[in-house]
Amino acid sequence: MSEAVAAPAVELSKQARSRPEDIPLDQIDVSDPSLYESDRHWPFFARLRAEDPVHYQKESPFGPFWSVTRFNDIQYVDKHHEIFSSEPTVLLGDQPEDFTFVNFIQSDPPLHDEQRRAVQDVVAPRNLAELEPLIRERMQSILDGLPVGETFNWVDRVSIELTTQMLATLFDFPFEDRRLLTRWSDVAIATPELTGSEAVTEDQRRAEMADCLAYFTRLWHEREKQEPSFDLISMLIHGESTKDIINKPMEFLGTLLLLIIGGNDTTRNSISGGVVALNQNPAEYDKLRANPALIPNMVSEIIRWQTPLSHMRRTAKVDTELAGKHIRKGDKVVMWYVSGNRDPDVIDRPDEFIIDRPHARHHLSFGFGIHRCMGNRLAEMQLRIVWEEIQKRFAFVELVGEPVRVRSNFVRGYSEVPVRVHPLQ
Ligand code: HEM
């Protein structure tokens, strides 16, 4: 074993320092970002699932909201878009009224369906098959460049690098500037008001979003003079429902950001999460070494276990009832995927990481219904290739310190995963 690296201390709320059973039920507030940063949210959700599965939060920094914590209730909400709207936002925190993005993840039909149709071909099975050799080649060169014998941050060297290269490919974005995509993705939702993150202030977020808009506007004007091609910008330019989107800056910016964030944080944190999960479960790592054919199943288990997006929010369109609770028109309803994925009534031994788990694809991490993740097959393919290429090179990607987790009630991920790689003998 290599020498351990210490993680910085997490600033905990009073709640995160307590045991959930010592807090009155109506005061449990799962919007608290320090619960996720410290990985202490699990027993809070276990208590809600058992005692108050559709839980009303009267007061929180994000206003009042309902928490839906059981698998089947979450699936019900996600599938009933006519009752539970994705407008005006899918984050717990409201967007500022004078700076509201418009895009299809936070739209109901018909706008949702039209805009999703305009870009979904980029991740159609035929194109994924074409992308596969390129992803593999890029992964190989990232892995071959890792510093054997040194401790390094897996998040930066592998997870961010691969997902950013993929995004640059999907947008045909200038390769040398690709880390701008990572930055914009991180900044877009990283304010205290939106997700409890403290990475940037609202003013800084707006300034960087303006840079993002200016950059893509320039790319749009360059590309509209060229023949249609198979990248997301060209598809927006030539899509019937999106060809005028350039004249609606908040819609253009919102759609770009959806595609950037959709394909970035999520896959990134699944790549990092796999390393953490296998190190915490050495017997599963042994199973993988003995049988690499388990990789596709393991990928689904990683995505369930990690749940890279903790929640999606809806807003009730009408008065309705859920698990015996009366929800009023206009109420915020939060689907906690991170909790539903650990629901023992639906998932056997849900807290365990089991790479050959039967029915591993039956999880909530990609959502359900009309908003079900557009990039789910791309994400699975990237993760499969990552692990196939890792197993060809390394006997062990060793976690050598505590992972540093992101402070957010939305993105469930890591900023640092210190590792050492041990090549196959
Ligand atoms: C492990 C990786 C990923 C996870 C966990 C994930 C998760 C999600 C979730 C939870 C939703 C909302 C589902 C709902 O409301 O029912 C979503 C939507 C979406 N995702 Fe992903 N995602 C991942 C990867 C990707 C990738 C690689 C792309 C790139 C194309 C992508 C693009 C999108 C888009 C465009 C939407 C909006 C779909 C709609 O509203 O119709 N995602 N994703």
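The values are calculated or read from the model by the stated rules, or taken from the named source; none is laboratory data. In this text, all values refer to a predicted model and were calculated from it rather than measured experimentally. Note that each Cβ is placed from the backbone with ideal geometry, even for glycine, and that neighbours are counted across all protein chains shown. These accessible areas exclude ligands, DNA and RNA; they are computed on the full protein's heavy atoms, side chains included. Shrake-Rupley method; radii C 1.70, N 1.55, O 1.52, S 1.80 Å.
Below is a table of values for the structure above.
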{"quantity": "Val90 being in contact with a strand residue (DSSP E or B) (Cβ under 6 Å, 6 or more places away or on another chain) and outside any helix (DSSP H, G or I)", "calculated": "yes"}
{"quantity": "Matching entry among Ile260, Ile302 (being within 12 Å of the ligand (Cβ to nearest atom) and either modelled with pLDDT under 95 or not in a helix (DSSP H, G or I) (or both))", "calculated": "Ile260"}
{"quantity": "Members of the stretch 7-53 that are basic (Lys, Arg), in a loop (DSSP other than H, G, I, E, B) and either open to solvent by less than 50 Å² (accessible area, probe 1.4 Å) or under 27 Å from Ala190 (Cβ atoms) (or both)", "calculated": "Lys14, Arg17, Arg40"}
{"quantity": "Counted residues, the stretch 315-340 - those being over 17 Å from the mean Cα position of the chain (by Cα) and within 16 Å of the ligand (Cβ to nearest atom)", "calculated": "5"}
{"quantity": "Every residue from the stretch 137-156 that is of a type in the set (Asp, Glu) and either on the phi > 0 side of the Ramachandran plot or in a loop (DSSP other than H, G, I, E, B) (or both)", "calculated": "Glu150"}
{"quantity": "Criterion violated by Val155 - all others in (1) within 11 Å of the ligand (Cβ to nearest atom); (2) within 25 Å of Ala190 (Cα to Cα) satisfied", "calculated": "(1)"}
{"quantity": "Answer residue from the stretch 114-150, given it is touching an Asp or Glu at 6+ places or on another chain (Cβ under 8 Å) and of a type in the set (S, T, N, Q) and is nearest to Gly239 (Cα to Cα) among those", "calculated": "Asn127"}
{"quantity": "Tally of residues being modelled with pLDDT under 90 and among the aromatic types (Phe, Trp, Tyr) across the stretch 208-247", "calculated": "1"}
{"quantity": "In the stretch 405-418, residue least open to solvent (accessible area, probe 1.4 Å) [restricted to those that are among the β-branched types (Val, Ile, Thr) and over 30 Å from Asn291 (Cα atoms)]", "calculated": "Val411"}
{"quantity": "Test: residue in the stretch 315-338 that is open to solvent by less than 10 Å² (accessible area, probe 1.4 Å), of a type outside the set (Ser, Thr, Tyr) and part of a loop (DSSP other than H, G, I, E, B)", "calculated": "no"}
